[in-house]
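A.B. asks: Take this structure, written in structure tokens, and hold onto it; I'll ask about it next.
The values are calculated or read from the model by the stated rules, or taken from the named source; none is laboratory data. The shown structure was predicted, so the numbers you read here are calculated from the model rather than taken from an experiment. When we count neighbours, we look across all protein chains shown, and the Cβ atoms used for this are built from the backbone with ideal geometry, even at glycine. Calculation scope for accessible area: heavy atoms of the full protein, side chains included, ligands and nucleic acids excluded. Shrake-Rupley method; radii C 1.70, N 1.55, O 1.52, S 1.80 Å.
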Amino acid sequence: QAQLHESGGGLVQAGGSLSLSCAASGSIFRVNAMGWYRQAPGKQRELVAHITSGGSTNYADSVKGRFTISSRDNAKNTVSLQMNSLKPEDTAVYYCNANLRRRDSRQSDDYWGQGTQVTVSS
């Protein structure tokens, strides 16, 4: 099995910063990509930022220039999201996602974290 463990999040005033971290654990053969999605009340889950094992990144237009996704070189199975200049519209539950292949599998699958709340007050 594989699990994603999220940390970070919380309550911050508009203009402030927060950091989220996510670590994949378990019997993992290879992590292809990791990312963060968010879901606000009454809205669909949307991509926030994504990073591949090769370091290529992709961001939602709404967070470009404010959020930065990164993974530690010595721990490819972790991903962090630094969120600056937060806005009330960034309020949502943030979910970590990983596309990975387990050691006992011949295919890659998507895994999700439990989600962490980010609330930005105006």
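A.B. asks: Can you list residues from other chains, or at least 5 along the same chain, whose modelled amide H is less than 5 Å from the amide H of GLY9?
C.D. replies: When sequence neighbours closer than 5 places are left aside, the close amide H contacts are SER19.
A.B. asks: Another question, then. Would you mind telling me the share, in percent, of accessible area of the range 63-106 contributed by carbon and sulfur at probe 1.4 angstrom?
C.D. replies: It is 39 percent, rounded to a whole number.
A.B. asks: Turning to a different aspect of this structure: I want to verify the translational diffusion coefficient of the chain in µm²/s; compute it with Stokes-Einstein, Rh as the Kirkwood radius over Cα pairs, at 25 °C and 0.890 mPa s.
C.D. replies: In µm²/s, the coefficient rounds to 169.
A.B. asks: So, in Å, what gap is there between the alpha-carbon centers of the range 1-18 and the range 31-58?
C.D. replies: So the separation of the two Cα centres works out to 14 Å.
A.B. asks: Taking only protein heavy atoms and a 1.4 Å probe, what accessible area per residue, in Å², does the chain have with all protein chains in place?
C.D. replies: 55 Å²
A.B. asks: So, one more: If you filter the range 1-79 for trypsin sites (Lys or Arg not before Pro), then keep DSSP loop positions with at most 16 other Cβ within 10 Å, what is left?
C.D. replies: LYS43, ARG45, LYS64, ARG66
A.B. asks: Explain nothing, just the number: relative contact order of the chain, from Cα pairs under 8 Å at least 6 residues apart, as a whole percent.
C.D. replies: 36 percent
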